[in-house]
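Notes follow the structure.
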Amino acid sequence: MDRPLLQSTLREMRLFTASPRFWLTFGAIVLIFAITGPYGTSQTMGPAERFGYWLSLHAVTWTIAITFSVLAEILLRRPIMSMFWRMMTGSIIAALPIGLALTLLDLGFLGTAFSFTDILRRAIFAVPLCALFCLLTFLAMREKIVHLEASPPAHASAGAPILDRLKPQNRGELIRLSVQDHYTEVVTTRGKELVLLRFADAIRETGATAGLQVHRSHWVADAQVKNLKRDNGKLFVVMKDGAEIPVSRTFQSATREHYAGR
């Protein structure tokens, strides 16, 4: 996993684990299930075993759902603008591994044999529950989630004044700059945005961020460069996000020297 992705994932996971409201919601739901004993657990299990079953089930399923929600929230920022719908997408995708987890829990507590059909059936059953989980979690933590979306990482603008020109939700680690008509497109680990600024001035405002101009229209951050490649005699800088940035002849020698060994 790339370091920026790992950092973002851990940062948003801490948003949940550090929230008393989240744990109160979790505890209340576990108690409701343990006391009411739905799905026949009130007849087949004693109070202690029933509590252990529902605590284990919710701990596993919530962990899976949160992990998938956070990963989707980070990875789908460009194609999906709404944070809620990014989280909802991740929660619904989580239904399949949750179906497997439910099946294994039933095997452990009840000794129930299972097949792939059972896993699929439980996954389908889990879809509306995952959607409900996402809705309840978002409503319970709406203020903190919105604040997180609007605030950049603490290190975001350190040494790179150009980041201060971006919307707060787009401020992340610099990836590259590109000329777009009279604008400069600034691409970061949190999104991209057009800034009305001369390209030369934009490069100056990268500040302490190590990087290199590889074309009259492109600048790349060193930390985001994966490797160099040649295609039909043309040199390209391959970025960690998959983008391939052309290197003009003027900058080829300096680029090869700067990124030697990559």
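The values are calculated or read from the model by the stated rules, or taken from the named source; none is laboratory data. Not measured: the values here are computed from a predicted model. Note: ideal-geometry Cβ built from the backbone for every residue, glycine included; neighbour counts use all protein chains shown. Side chains are part of the model used for accessible areas, which takes the heavy atoms of the whole protein and leaves out ligands, DNA and RNA. Shrake-Rupley method; radii C 1.70, N 1.55, O 1.52, S 1.80 Å.
Miscellaneous remarks
- You will find that of Arg176, Arg198, Arg204, the residue that is of a type in the set (D, E, K, R) and within 27 Å of Met83 (Cα to Cα) is Arg176 and no other.
- Number of the exception - Glu49 against (1) open to solvent by 40 Å² or more (accessible area, probe 1.4 Å); (2) in a helix (DSSP H, G or I); (3) without any contact (Cβ under 8 Å) to a residue 60 or more places away in the chain: (3)
- Only one of Arg262, Arg230 that is out of contact with any His (no Cβ under 6 Å at 6 or more places or on another chain), at pLDDT below 95 and assigned to a loop (DSSP other than H, G, I, E, B): Arg262
- Qualifying positions in the range 69-119 - open to solvent by 80 Å² or more (accessible area, probe 1.4 Å) and either closer than 30 Å to Glu193 by Cβ or part of a helix (DSSP H, G or I) (or both): Leu75, Arg78, Pro79, Met81, Trp85, Ile93, Leu96, Leu104, Leu110, Phe116, Thr117
- Search result, residues across the range 245-259 that are of a type in the set (D, E, K, R) and either in a strand (DSSP E or B) or in contact (Cβ under 8 Å) with a residue 60 or more places away in the chain (or both): none
- Considering residues of the range 205-262 that are hydroxyl-bearing (Ser, Thr, Tyr) and under 29 Å from the mean Cα position of the chain (by Cα) only, the residue most open to solvent (accessible area, probe 1.4 Å): Thr209
- Candidates in the range 155-204 are the residues that are outside any loop (DSSP other than H, G, I, E, B) and among the hydroxyl-bearing types (Ser, Thr, Tyr); of these, the one that is surrounded by the fewest Cβ atoms within 10 Å (Cβ to Cβ) is Tyr183.
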